[in-house]
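Only the coordinates and a few stated rules stand behind these numbers; no lab work does. Because the structure is predicted, anything quoted here is derived from the model rather than measured. Here the Cβ positions follow ideal geometry from the backbone for every residue, glycine too, while neighbour counts run over all protein chains shown.
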Amino acid sequence: MTTPKRNPFDPSRRARVWCAVAVGVAIAAGLFSAAVGANLVARWVESLRWDPFDSAELAHLREEAMADGFSDEAAVERIREFERTLREEYFYRGRFARMGGWMLMGGVLVFLVSAKTAAACLRRAPAPPHAGGVEADGGRAARAARWAVVLIGLALAAALAAVAAGALGV
Amino acid sequence: MKRAILLTVIVLLAAPGWAEAAERSAQPPPAQFETGYERPTVENPLPRADVFEYVDVAVLVAAIALATVLALKVRRRAWIFLVMLGALLYFGFYRGGCVCPIGAIQNVALALGGGYAVPAFVLAFFFLPLVVALFFGRTFCGAVCPLGAIQDVVLVRPVRVPGWLEHALGLLPYVYLGAAVLFAATGAAFVICEYDPFVSIFRLVPLLHTESLMDAVRGSMNMLIVGAGVLAIGLFVGRPYCRYLCPYGALLRFFSRASRWHVTIAPDECVQCRLCEDACPFGAIRKPSPPPSLSRSAGKGRLAAMLVLAPVLVVAGLWLGARAGPAMARVHDTVRLADRVRLEQAGKVEGTTNASDAFYATRRPVEDLYAESAGLVGNFVWGGALLGAWVGLVVGAKLVSLSVRRTRTDYEPDRATCLSCGRCFAYCPKEQSRRAGPVVRDTLYSRAGGEAQPEPTQT
């Protein structure tokens, strides 16, 4: 008994492989984008605390040099060198952020394209959904919606009352 | 027809590049130096030429017209998607999300408050989509709005939001609209622009060319993170900002309800196959009405109760809003300054602020400032009352609407919430039959032993 040869170009098989590749790429691109995004946000938070033009060490060096009337050439050179380091750091951070921005954008684009491809190939043919459930009972659905609207209304009233009482600090 | 559409789509897609090239050519040529000195690149952007405002309006008109034809006549999602991409590139990434009809609400509200003349092109941006929605539905939302487009592009696997939640969250755009109009009309703030989640993303791309990205986005980094969060939700919930926040969408809903030539799911008669039931990722397909669970008299009683409740809610909102007015007035710079100066004059705080220093430097009498502040607080009391009444009206009207018995026999798009995106067409077998054309259709029917069907009429 011989097993029939599987056609390697079987469309359904190709579709399955294509789908698996798209899912894998989407996961990888998603993780990559999340990592780059987290790194950028972390750098940004750090940059809020770091001001190269407000360095305590630089101010100290300047004060020392000023006390000598900037006559000590070595001290002046140290200030120049330190300032240059700070500027290099500043521009490095800018380059880092710019490169990170491009990498994030590329990662997100790859993620979107592969995720949409994966979603498209995993999509099933349209079929009528099962009848029944809450949706089939118009009365129950409308009642649930009315209660939800009442809750939102109460929340809005509470927000207005809080503003009136000055609790929200507007 | 198809060639004309293709040409227009290509023009729309090329619009950002063309507009940038045109703007560059509008700059003066560099001066010629004999010394070998090379003029450095100009770092500061030149003011935008006035003519480009009209270019923006022309692109808006073309894009809305095209989107309307594609949604109502051609009925092809792929073409609508292409127009949407073009609009995203032009109005979003090239124009940086400004000017847009959503923000134009505030310009119009400020003009209604007095002392401000709205530029003609801003008025065009505000009214054009509304006029189109009045006749053809929300084709602007479906294919032209850059905020909608960026959310549509990222939608990967839509989940269905339960009906009750959809109804409840659907109230928020009206509240946001009321608050935005109040703050804009009183000159306090343009909150829609300030809290626009996507403008930072649109402007991020040009900023990638600058030397210091961090400095450039520092001011709006919070909104950038909010925007990224909204887009992350948008992977699974179709257009969350449009459905649950957009104040302009609230206006468009009003106008779209009356649209005479709105898109339909089936090109002619609905065959009730139910295939389209889950086609819409925005929950905008209304199903045939289920049999009523209450007797007619009980239904009427509940409706009457809601009709009585609605004015009560309006009055309650009016009272609560008026009480909140003075607190809301503190959003206004002048009111805040007057409060600060009053505290400084009374010696209740130590030192001064930059704003109070600047005020003292003007040598303006303090009484003038207090009088102006009192006038503004009075405006906010009235405005707050109107905002509260508006919120009460919206909640009351929704409760009444949910108590009205509907008699719907077919699956049809909800004229208020449907964005005319064209996704539902592909699910309809009648639409497939229309696309197949008369020859193919007749062949299919004759093979099946049936008679040739008449040509369906397009709507």
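Just a few scattered comments:
- Simple label model, 7 Å out from Cα along Cβ direction - residue A:125 to residue B:273, nm: 1.1 nm
- Residues whose amide H lies under 5 Å from that of residue B:412, counting only those 5 or more places away or on a different chain, are B:286; hydrogens are built 1.01 Å from N in the peptide plane.
- Karplus (6.51, -1.76, 1.60) ³J(HN,Hα), θ = phi - 60°, over segment B:335-344, in Hz, Gly and Pro reported as x: 5, 5, 5, 4, 4, 5, 4, 4, 5, 5
- Qualifying trypsin sites (Lys or Arg not before Pro) for segment A:38-68 [loop in DSSP, other Cβ within 10 Å: at most 16]: none
- For segment B:381-391, 3J(HN,Hα) per residue [Karplus equation, 6.51 cos²θ - 1.76 cosθ + 1.60, θ = phi - 60°, Hz, x = Gly/Pro]: 5, 5, x, x, 4, 5, 4, x, 5, 4, 4
- Across B:287/B:430; A:116/B:287; B:73/B:430; B:73/B:398, pairs whose alpha-carbon gap is larger than 22 Å: A:116/B:287; B:73/B:398
- Relative contact order for segment A:16-122, counting Cα pairs under 8 Å that sit 6 or more residues apart, in percent: 62 percent
- Rg ratio for segment B:296-403: its Cα radius of gyration over 2.2 N^0.38 Å, N being its residue count, equals 1.64.
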